[in-house]
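One structure is given below, encoded as structure tokens.
Every number here is computed from the coordinates shown, using simple stated rules; none is lab data. Source: prediction; values computed, not measured. Quick reminder, even Gly has a Cβ in these numbers, built from the backbone with ideal geometry, and neighbours come from all protein chains shown.
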Amino acid sequence: MSLQLKHPIGTAIRVLLWLAFLLYVGRFVLDRFVDIFQINWATTGWGDCRVDWAAARLFLEHKSPYTEESLATMGLQNYGFGHPPTTSFWFIPFAKFNYPLMAEVVAVLTMLALLFHIIICAQELQLPAKTGFVLLAFGLTLRTTWMGEHLILVQVSEIIAFLFVLSWYLLRRRREIEAGITLGIACSFKLFPGVLVLFLLLTRRFRGVAAACLTYGAIAAYMTTGYGWQAWKDFFRQQGPIASYWMGHIRNASLHGIIVRLFRPLCERPADDAQALTIIGELRKLPSVPPIPGARWATVASLVLLAFCWWISRRDASRTATLDVPYALFGTMAVFVNPWIWEHYAALLIMPLFVLIAGALQRCKEVVRIVADRGGPRRSLTSILVELFVLSAAVVALFSLLSMNGHTKSVVYDQYWALRKADEAIPAGLHARLHYYEVLNWLPWVVAVAGLSSLTVFDRKRYSLQTAAGLSVVRRQNLGT
């Protein structure tokens, strides 16, 4: 009997497999949509969008959100306003909505941004089985604890991540001005996307830099008309107390957080989140905020790391054909050198993860080509296998870390300090677990930077080999003539 399936049977099996796949993935998507519409948004925490929405309402009244009166109106009198004046620009259209309606709309828009974010990555990187890959990645992302928190607290990290990917998409088509405008918009949400504007400057994409600066400047000028120039001074002054409290927190996964905790370990920093507003409020009363131990070293380390990334990627970054990895590397670094990274910032690791996956798949194809003894530039099989191992390890590690429960570290942190404050014996291993989960919190960013740096070096070698092979062919042709 023939092992080949007849066409109708094969079609039926494919349809059944697709239905099973869609049911598996669709459950994650539908569950998240159901969660969104069942949330009592009036009782959720104060995420980014809530304070920005409140600030946008103040803008319509020509009031600065950084004054003591306005802070009291927003319930931030003991805290301060941590976002620049430009962020609330995007919430002016929602200012006349009530908060629950605004939160639902933004949550749905965030899910749509995530879907198109993944579609662009899969399409541009030519990942296999694009439809299945997109649906699976979309469903698995919605299932993570950090995306759940992102949606419930109504954050803007996915919006920024989508703008990063959209700018990359435009740069791949040499549309520098549109890419610059996109990054200018991203900078108006948070300031750390400015590192990618620096990337455009270093790669001599001056039209993109000009477009980014003009876009940001236009938004900043418009918001200044409502808030006044003093709002900018108040914004920068209010960052000190906020940074002093949060920079060394266990949840902060940035390079600054890592280094600051080296100077003051977590096991010496009490869990005092319940008193966060009081502590920050007291810091705001001081004439000047005491310097944060290790913060200057973190700034130096950030500059050194950025210089290293530019050094290894400068050749490929300027060419459109080899833009992907350097852009992903600088996009990751833009977040990592930011003073803080919270769990929902993981949305900005989706594109770097896909770039690493594409790099690993490319090595798989090279191995198959060499084993099949096909034509093309030849490289050592051992060298390719080493690269494949490194990239595969980075992919598996990053995927596993992003899939973990992000709340465990806070539970362990609270358990440790509850025992310390009660002068009770700490169980064996609890102290080690505290630092273990601390490392797991920032490890995704280190893995991403290390993996993309390795891929940058690997791709540079491949490009050099292909160029050398091409020149060799040209020389042989010239000799033949």
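Ordering CYS49, LEU114, CYS364 by the projection of their Cα atoms onto the charge dipole of the chain, which places +1 on the Cβ of Lys and Arg and -1 on the Cβ of Asp and Glu, puts CYS364 at the extreme positive end. The relative contact order of the chain, computed from alpha carbon pairs under 8 Å that lie at least 6 residues apart in sequence, is 17 percent. Report, as a whole number in µm² per second, the diffusion coefficient that Stokes-Einstein gives for the range 20-63 at 10 °C and 1.306 mPa s using the Kirkwood radius over alpha carbon pairs. Stokes-Einstein gives a translational diffusion coefficient of 121 µm²/s. Comparing Cα centroids, the range 398-457 and the range 229-255 end up 23 angstrom apart.
Summarising the label geometry, the points placed 7 Å from Cα in the beta-carbon direction at ALA20 and TRP311 lie 5.2 nm from one another. Judged by the mean number of other Cβ atoms found within 10 Å, the most tightly packed of the peptides 340-347, 215-222 leads the ranking 340-347, 215-222.
Determine, from the Cβ-Cβ distance of LEU101 and LEU443 and an R0 of 30 Å, the FRET efficiency 1/(1 + (r/R0)^6), rounded to the nearest 0.05.
On the way: r = 38 Å, r/R0 = 1.27.
Step by step, r from the Cβ atoms, then E = 0.20.
Applying 0.36 nm per residue to the separation of ILE9 and ARG237 and subtracting their alpha-carbon distance, the gain on full extension is 75.1 nm. Taking 7 Å steps out from each Cα toward its Cβ at PHE206 and VAL108 produces label points 4.6 nm apart. With neighbours defined as other Cβ atoms within 10 Å of a residue's Cβ, the residues VAL106, VAL396 order from fewest to most as VAL396, VAL106.
The Rg/Rh ratio of the chain, with Rg taken over Cα atoms and Rh as the Kirkwood radius over Cα pairs, comes to 1.00. Residues in the range 216-239, backbone N under 18 Å from the label point at HIS62 (7 Å along the Cα-to-beta-carbon vector): list them, ranges by number please. Correct set: 221-232.
In this label model, LEU303 and ARG27 are separated by 5.3 nm, measuring between points 7 Å along each Cα→Cβ vector.
The listed peptides 292-304, 51-63, ordered by packing as a protection proxy, come out as 51-63, 292-304 (highest mean of other Cβ atoms within 10 Å first). Computed per residue of the chain from DSSP H runs no shorter than four, each worth -39500 (n - 2.57), the mean residue ellipticity at 222 nm is -24000 deg cm²/dmol.
If a spin label sat at a point 7 angstrom from the Cα of THR408 along the line to its beta carbon, no backbone N atom of the range 342-368 would be nearer than 13 Å. Rounded to the nearest 20, the size of the Cβ-charge dipole of the chain about its Cα centre is 2080 debye, with Lys and Arg at +1 and Asp and Glu at -1.
To the nearest 0.05, how large is the calculated FRET efficiency for ALA221 and LEU262 if R₀ is 41 Å and r is the Cβ-Cβ distance? So the FRET efficiency works out to roughly 0.50. Could you tell me the calculated FRET efficiency between LYS421 and VAL34, based on Cβ-Cβ distance and R0 = 30 angstrom, to the nearest 0.05? Taking R0 as 30 Å, the efficiency between LYS421 and VAL34 is 0.15. Protection proxy ranking, highest mean first, for peptides 434-440, 246-252, 352-358: 352-358, 246-252, 434-440, where packing is the per-residue count of other beta-carbon atoms within 10 Å, averaged. Per-residue Karplus couplings for the range 131-140, computed as 6.51 cos²θ - 1.76 cosθ + 1.60 with θ equal to phi - 60°, are listed in order as 4, x, 4, 4, 5, 5, 5, 5, x, 5 Hz, Gly and Pro entered as x.
Taking 0.36 nm per residue of separation and subtracting the Cα-Cα distance, full extension of the segment from THR131 to VAL396 would add 93.3 nm. Each principal axis of the Cα cloud of the range 373-455 was taken in turn, and the coordinate range along them, longest first, works out to 70, 20, 17 Å. Simple rule: put +1 on each Lys or Arg Cβ and -1 on each Asp or Glu Cβ in the chain, find the dipole, and look at TRP342, PHE192, SER288; the Cα lying farthest toward the positive end is PHE192.
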